[in-house]
1. Could you list all residues from the stretch A:129-156 that are closer than 17 Å to residue A:177 by Cα and free of Cβ contacts under 8 Å to residues at least 40 places away in the same chain?
2. Answer yes or no as to whether residue B:10 is farther than 29 Å from residue A:29 by Cβ and surrounded by 14 or more Cβ atoms within 10 Å (Cβ to Cβ).
3. Identify all residues within the stretch A:1-58 that are touching a Leu at 6+ places or on another chain (Cβ under 9 Å), assigned to a helix (DSSP H, G or I) and not β-branched (Val, Ile, Thr); write none if there are none.
4. I'd like to know if the stretch A:118-140 contains one or more residues that are in the same structural domain as residue A:82 (by TED's automatic domain parsing) and over 27 Å from residue B:197 (Cα atoms).
5. Could you check the stretch B:161-171 and list, in sequence order, the residues that are surrounded by fewer than 18 Cβ atoms within 10 Å (Cβ to Cβ) and in contact (Cβ under 8 Å) with a residue 24 or more places away in the chain?
6. Determine whether the stretch A:177-185 contains at least one residue that is touching a Phe, Trp or Tyr at 6+ places or on another chain (Cβ under 9 Å), surrounded by 21 or more Cβ atoms within 10 Å (Cβ to Cβ) and assigned to a strand (DSSP E or B).
7. Quick one: is residue B:53 among the basic types (Lys, Arg) and within 14 Å of chain A (Cβ to nearest Cβ)?
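The values are calculated or read from the model by the stated rules, or taken from the named source; none is laboratory data. Bear in mind that the values here come from a model prediction, so they are computed numbers and not experimental data. Cβ placement follows ideal geometry from the backbone for every residue including glycine, while neighbour counts extend to all protein chains displayed.
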Number of protein chains: 2
Amino acid sequence: MKELTIQQKKVLQCIKFYIKKTGFPPTRADICRELGFKSPNAAESHLRALEKKGYITIENGASRGINLTENTAEKSQTIPVIGLVAAGSPTLADENIEKHIPYQESLFLSDFDYFLRVKGLSMKDAGIMEDDLVAIKKTSEVRNGDIVVARIDDEVTLKYFQSSGNQIKLIPANDDFDEIYINKETEGFFIEGKSVGLIREN
Amino acid sequence: MKELTIQQKKVLQCIKFYIKKTGFPPTRADICRELGFKSPNAAESHLRALEKKGYITIENGASRGINLTENTAEKSQTIPVIGLVAAGSPTLADENIEKHIPYQESLFLSDFDYFLRVKGLSMKDAGIMEDDLVAIKKTSEVRNGDIVVARIDDEVTLKYFQSSGNQIKLIPANDDFDEIYINKETEGFFIEGKSVGLIREN
DNA sequence: AATTTTACTGAATATATATACAGTATAAAT
DNA sequence: ATTTATACTGTATATATATTCAGTAAAATT
């Protein structure tokens, strides 16, 4: 979809906000009032631009006849589920995506970017079992004690994070597994994100 | 909320359908067209009746200024979260409800009735930790190996279910806890439901 | 260098729309 | 028995609203 200008984005935001607030779309005059325009034609032309770029549809002749396009309306988005394969990075590349599941805002306390399908039992004492879906927020800002998605070359794992200086410890929650020691500057080492929630489908 | 007449229900349904179809509420004339009325005042009076009964609000002077009330709009339903208190049944009585969280259809494989907030670690080896939310489907039809919500008098617990004949075993997933043996016909024993999923909010 | 797009003001207008008023008739509530 | 609510038709109208036309000016594209 074609990119919007800053001003067009403002108008689109204004429409969304107005619908959320009132339950019905704004008139040209309403948009002018909200954004400080002095002519209804300012709103009109922006609306036609948004229509041309596919963000809204306009029912000609109808009052408040603005309809947000499917892509535009943030109804219930979907979140990708990514398999935790031993070899291969958990990127959002299409070939790694197992499926999409409907996403509900405020499902967890923090927002997140994708679900990781857990393989193995290395985190079982943390209550993370095989086939669980762990909600991952993409970030490299993690604290000691966080459960993180760490990549070492092509290997991806879910572990407790513990650092002191340049030394990083990746700690499993299972006595049958060993801790991993690694240096911050090690080539091929990267923190993909951290766990902010979990779903078990049974 | 006050009951609606058949005709008023038709009008309300018409409004909902119109919004779903077009993205904005209908005019009086639109309602007349949909329902075969010949006077805009027919729609007008029905709208005022719906307003009076609290199903919609009307912004006076605004075109299409109809807004569905919170109860009326079937946005995303909410599911109650119930605390697993040692004494006290996990019924859906108001005093037991901790909060409501937004519900997304097909979040789990099966549908469910409420979330149970887990206290204690008696099921930790099953990956069920303190404060987890276990999705419970109300049913007494459970199979061996199911994780069930069992009530014994006023005590409510989450355990593995195992039965042979009249003998029932409630098995914890933690060596520090003991199995519970009980008879099917025991007074005060009841299977409230079974677990069909889990959410951890971190 | 010429054209298109963006980003408006300002005025004018046809029409879409809410809404009031005048009736008619039946059912329900007080 | 009387009032109120339901369920409309039919007419009328003030105004809310979309939309066109005439401009101005800067930025982006071709």
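1. A:130, A:152, listed by residue number.
2. Values: farther than 29 Å from residue A:29 by Cβ: yes; surrounded by 14 or more Cβ atoms within 10 Å (Cβ to Cβ): yes.
Taking the combined requirement at face value, the residue satisfies it.
3. Matches in the stretch A:1-58: A:7, A:8, A:10, A:12, A:14, A:16, A:28, A:42, A:43, A:46, A:49, A:50.
4. yes
5. Within the stretch B:161-171, no residue meets the criteria.
6. Among the residues of the stretch A:177-185, not one is touching a Phe, Trp or Tyr at 6+ places or on another chain (Cβ under 9 Å), surrounded by 21 or more Cβ atoms within 10 Å (Cβ to Cβ) and assigned to a strand (DSSP E or B), which makes the answer no.
7. Criteria not met by residue B:53.
Conditions tested, residue by residue: (1) touching a Pro at 6+ places or on another chain (Cβ under 8 Å); (2) within 11 Å of DNA strand C (Cβ to nearest atom); (3) in the same structural domain as residue A:120 (by TED's automatic domain parsing); (4) modelled with pLDDT under 90.
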site: A:1; (1), (2), (3), (4): no, no, no, yes
site: A:10; (1), (2), (3), (4): no, yes, no, no
site: A:15; (1), (2), (3), (4): yes, no, no, no
site: A:38; (1), (2), (3), (4): no, yes, no, no
site: A:48; (1), (2), (3), (4): no, yes, no, no
site: A:89; (1), (2), (3), (4): no, no, yes, yes
site: A:93; (1), (2), (3), (4): no, no, yes, yes
